[in-house]
Every structure is written in structure tokens, then in C-alpha cells.
Amino acid sequence: MVALLAICVSLLLLIPLTLLYKLWWVPLHLQHIINSQGIKGPSYKILHGTTKEAIKIQRQTSNTPMDLSHDIFPRVQPHLYSWMKLYGNNFVHWIGTQPYIVITEPELIKEVLSNKEGTYPKTKIKSYLKKLLGDGIVVAEGEKWLRLRKLANHAFHGECLKDMVPAMIASVENMLENWRFHENKEIDVCSDFRLLTSEVISRTAFGSSYLEGRKIFDMLTDLCALISRNALKIRFFGIEKFMRTQDDIEADKIENLLRDSIMEMVKKRQDEVKTGRAQNFGNDFLGSLLKAHHDTDQKNPISAVDIIDECKTFYFAGQETTYGLLSWSVLLLAIHTDWQEKARKEILELFGQENPNSDGIARLKMMDMIINESLRLYPPIVVNQRKSTKGARLGNHILPANMKIHLPILVLHHNPTIWGDDAHLFKPERFSKGVAAATKNNLAAFCPFGLGPRTCVGMNFATNEAKIALSMILQRYKFKLSPNYVHSPVQVITLRPQHGVQVVLQAL
Ligand code: HEM
């Protein structure tokens, strides 16, 4: 009895002590180490870190109307903006007990992203984001990443990309059929671009139509909303295993339904081969995944779970980002109609009234400049993330292990020291002599698609799709911004126009 009492008392003492150690002593110790490296920031508060402060700043900003300005950093990441002003270019903030070191100097960003020794690996993802990307290519490391990357490289490069042009054109034609009913009227291009980019990735990577993939897209959209809503919510010690919120239940449900829908699509393709209706799994991305899955010569073939993760990743990455690029480009061209004219002149010289072709797409110079300037001002991915390993030396700093490192692309792209006093203005001419000249050979200063070994695998796919869509629109229409447009860029995983982009179309 006495022994039992003693155990109970020790436990009662041990639990609060362990909690105090993990929630107070460890973070404060880390804060001291980081601060002593010259990296300051808002002070860690027990349990929530600096999230309460971040939420407060975000709420204040999102409730105020915004001018039609491209100076969007203070709007999209107001907490980072406030802290950067207070603590300098590199600073630390906390989500719960996890420190996030924010690095905005291009040289240091290059050091992190170009590192090939594994000093700054990808961060492990948890919770709802894990349900979106699984353990797929975006988070994998080592052998597994290499295998997935080879497959993706093959499906989205060179000849394969050329073969996708007709499907991209057909999808844009479908969209423009619908635009005929909006001539001389207002149209919100965002909803149509959402459909277009969904249709393009469905057709080119998965051999299906948007309608067939529709369930998958709808579920991914719902999952994105859950991820954004919960981005700054803190939960400790796996408490979600015992206390399920409505969002947890919803996220599990979506994950299961996504898995079933993807497996249905996979099975359909496998059955075609089994029953002799098709000779092989096909040349698209899904076909490559299935070939790798059934390859008996491989030591570690791609598993069914890998296939599901890759399909989710490419459905999401292939659609969401390019949708942003198209929407922001049309907004910028609707404001700057002189650039519409310049781009249209080039398009008509190259293609006349014919559909775009691969050779011409590669020669579109004005369009390249416009797309680069759009990606600079409104990068669809606003922040990149890595973590530190033991002994990581970044510039003059020695970082403790397991620090999350935030690399805000948006901040880099709007930095007046790099881009000049007109950094927030739309000036595609800054790219007239290429990216190297625009950045004065500081290549890390412009990285909408990332940098180093993990550079975006869909970069050429996305820019081809955007060039085709914008060319075909400009061949047929002039457009100007509708007075109903409300400027409010928001980050819902990617950077989106919160209230759409409304333009008035004038047929040519
Ligand atoms: C304008 C459009 C796009 C933008 C701005 C964009 C941006 C990015 C960025 C910044 C990264 C690097 C992330 C990091 O370093 O952690 C990335 C990676 C990736 N992107 Fe994109 N992306 C776009 C379109 C696409 C498309 C169309 C696809 C698929 C067809 C795609 C698939 C991927 C994949 C799979 C990765 C991970 C690569 C790896 O880790 O090896 N992206 N993207």
C-alpha cells in the first residue's frame, strides 16, 4: 500500500516536471542558443509559442480593405512582415514548442536549397497536410525520392511535354467555347481557370477527363480548406488520437474517400491491360507509376500506397499552382493593357490565328517576361521549408538540430535591395535580358519554382500550359479589369485571389 502510494506521488510529481521541462525549459534553452547566434524574434510563450500574436496580427490585417497594390507581403504574411521590421532579415518565431527560423537573405537561401549533403532535409509533415501529400515525392528523401523523381522527370519533360500540347489546346478550346457567352460582359476567370487546370492535369497525367477526376479535385479542395483553417492550431503529445475534433473526423473521411477514388482509377487501368483491351499501362504519368509498380526486376517496386500518394500530389500540385499563375497573370494584364498589346502582337506574329505549337511556344519572349514578372509579384508558393540537422552551419550561424527553416519566396521577390525601388511595380521589361540579368546573377533572388535538387518537376509543364492558355485568350479577346474586382491576395496553401478575378471581355 505504501509502495503504491509512493509510486502515485512520484507520478504526480513527474508528470508536471516533464511537462515543465518540455514546454518551458527546452524551448527557452533553444531560444537562448538561437538568440546567441544573433537571430532574434518575438519571445516564446509557454504552450502556444508566438501563435497567439501571429493570429492577432493576421486578424487585424485581413479585416481591413486593401488598395490595388502589388505590395502584398504585409497583407499575405502580416505577422512575418511585422517581425521582420522589428527583428531584421533573419529571425525566429514559434508555433507551439517548435522554433521556425525565417531566412530572407538570398545567399543563405541558396545555401539551404542547393545543399546536396543532406544538411537541410525536407521537414516531416504531420496531420492534415500528410493526408494531402502522404510520403510522396514532395517529402521523400534518399533512394525513395530518387526513384519517384526519375519517374516524374520522365513523365513531365522533353518529348512527353511536346505530346501534351494538343491536350492542353483542346482543354483551352473547351474553356473558350464557354467564354463566347460572356462577350462584352464580366467574367470571373478564376472559376474557369480552376476547371481548365484540373482538366489539363487529368488529361495529360491520368488519361481521364476533369469530370472523371472531379470527385478527387473536390476532396482535395476541401482538404486544403481544412489545412489552412488549422495551420496555427497547436496540439500536444498526440492528443488528437484521443480527442477528435469535427475537422479530424472530416479529414479522415476525405482521406479514405480519396484513396478509394484513386484506387478505382488505378484498377480501371489495370483491368484494361488484364482483359487485353490495352497492350500496356500507357505513356502518361499514371502509366509510368503502374509500370514501376508491376516491375518485378526492381528491388523495391513502387507500392500501392506510393501510387496513391503520387496521384494525390500531382492532382494537387498540377492544378492549384498553375491556376494561381493564370489568375494573377490575367489580373496584371487586365490592369496593364499596354502589355496585353505587346504580348498579342508577338503571338499574332508567331501563330497568326492558328493554335500555338511547341516551336512557337519556346520562342515567346514577351510572354516569358510577363509570366516571370507575374511569378515574381505573385508567387503561387509563397514559402519554402526545410529543417536543420546537427551541426548545420548557415552563413555565420551554427543552428541547433531540428530547427524548421522558413524561406519566404514572396519576401525575396519583393526585396527593394535586389529589385530596386520599383520592386512592387509590374515591369516585365526587367526580365528582357533574362533572369540572370534581372537578378544581377543573384539567381536565388528569383525562385518561384524553388532551387537546387528539389526544383519543381512541373515547371515546364506549368509554363507551357500558361503560355498556351494566355496565347489563345489574347488571340481572341481584349480584356480590362471589372470595377467589381476586390483586391485581396490570400494564402490557402497557395497564393490565391480571395474574391476571384473579374474582367470584362471584348471579342477581337
Ligand atoms: C506555376 C506553377 C508552379 C509553381 C509556382 C510551383 C512551385 C514549386 C516549388 C517552389 C517547389 C519546390 C518546393 C521545395 O523546394 O520544397 C515545387 C516542387 C514540386 N512541384 Fe511545383 N510548382 C508549380 C507547378 C507544378 C506542376 C504543374 C506540377 C506537376 C505537374 C508540380 C509538381 C511539383 C512536385 C512533384 C514538386 C516536388 C519536387 C521534389 O521534391 O523533387 N508543380 N513546385
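Tell me, yes or no, whether segment 326-341 has at least one residue that is hydroxyl-bearing (Ser, Thr, Tyr) and surrounded by 16 or more Cβ atoms within 10 Å (Cβ to Cβ). Yes, segment 326-341 contains at least one residue that is hydroxyl-bearing (Ser, Thr, Tyr) and surrounded by 16 or more Cβ atoms within 10 Å (Cβ to Cβ). Residue under question is Leu148, and the condition is that it be at pLDDT 90 or above and more than 21 Å from the chain's Cα centre (by Cα); does it hold? Criteria not met by Leu148. Quick check: anything in segment 378-386 at pLDDT 95 or above, buried (at least 19 other Cβ atoms within 10 Å of the Cβ) and farther than 18 Å from Val102 by Cα? The answer is yes, given that some residue of segment 378-386 is at pLDDT 95 or above, buried (at least 19 other Cβ atoms within 10 Å of the Cβ) and farther than 18 Å from Val102 by Cα. The listed residues are Ile254, Ile249, and the only one of them that is modelled with pLDDT of 90 or more, of a type in the set (Val, Ile, Thr), part of a helix (DSSP H, G or I) and surrounded by fewer than 18 Cβ atoms within 10 Å (Cβ to Cβ) turns out to be Ile249. Where the second residue is among the acidic types (Asp, Glu) and near the ligand (Cβ under 7 Å from one of its atoms) and the first is under 14 Å from Pro416 (Cα atoms) and part of a loop (DSSP other than H, G, I, E, B) and lies in segment 432-453, which pairs have Cβ atoms under 7 Å and are six or more apart or on separate chains? Pairs found: none. Looking only at residues in segment 111-132 that are part of a loop (DSSP other than H, G, I, E, B) and over 18 Å from the mean Cα position of the chain (by Cα), the one that is surrounded by the most Cβ atoms within 10 Å (Cβ to Cβ) is Tyr120.
Count of segment 148-159 residues, restricted to those that are surrounded by fewer than 18 Cβ atoms within 10 Å (Cβ to Cβ) and on the phi < 0 side of the Ramachandran plot, is 6. The condition of being over 27 Å from the mean Cα position of the chain (by Cα), of a type in the set (A, V, I, L, M, F, W, C) and surrounded by 15 or more Cβ atoms within 10 Å (Cβ to Cβ) holds for Val273. The residues on offer are Phe181, Phe193, and the sole one that is buried (at least 18 other Cβ atoms within 10 Å of the Cβ) and not aliphatic (A, V, I, L, M) is Phe193. Taking segment 441-459 as the range and being within 18 Å of Phe431 (Cα to Cα) and either touching a Gly at 6+ places or on another chain (Cβ under 6 Å) or more than 6 Å from the ligand (Cβ to nearest atom) (or both) as the test, the residues that pass are Asn441, Asn442, Leu443, Ala444, Ala445, Phe446, Cys447, Met459.
Yes/no matrix, rows are residues, columns are (1) within 16 Å of the ligand (Cβ to nearest atom); (2) free of Cβ contacts under 8 Å to residues at least 60 places away in the same chain; (3) touching a strand residue (DSSP E or B) at 6+ places or on another chain (Cβ under 8 Å); (4) farther than 17 Å from Ile371 by Cα:
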| residue | (1), (2), (3), (4) |
| --- | --- |
| Ala466 | yes, no, no, no |
| Leu474 | no, no, no, no |
| Tyr485 | no, no, yes, yes |
| Leu495 | yes, no, yes, no |
| His499 | no, yes, no, yes |
| Leu505 | no, no, yes, yes |
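A residue that is farther than 27 Å from Leu226 by Cβ, more than 15 Å from the ligand (Cβ to nearest atom), in contact (Cβ under 8 Å) with a residue 60 or more places away in the chain and in a loop (DSSP other than H, G, I, E, B) can be found somewhere in segment 96-110. I'm told Lys427 meets every condition in (1) more than 16 Å from the ligand (Cβ to nearest atom); (2) under 28 Å from Arg344 (Cβ atoms); (3) surrounded by fewer than 17 Cβ atoms within 10 Å (Cβ to Cβ) except one. Can you identify the failing condition by its number? (3) is the only condition that Lys427 fails.
Among the helices (runs of 4 or more DSSP H) confined to segment 299-390, the ones with at least 3 residues that are within 15 Å of the ligand (Cβ to nearest atom) and among the small types (Gly, Ala, Ser) are located at 304-335.
The values are calculated or read from the model by the stated rules, or taken from the named source; none is laboratory data. From a predicted model like this one, the values you see are computed outputs, not experimental measurements. Because the Cβ atoms are built from the backbone with ideal geometry, glycine has one as well, and the counts that use them run over all protein chains shown.
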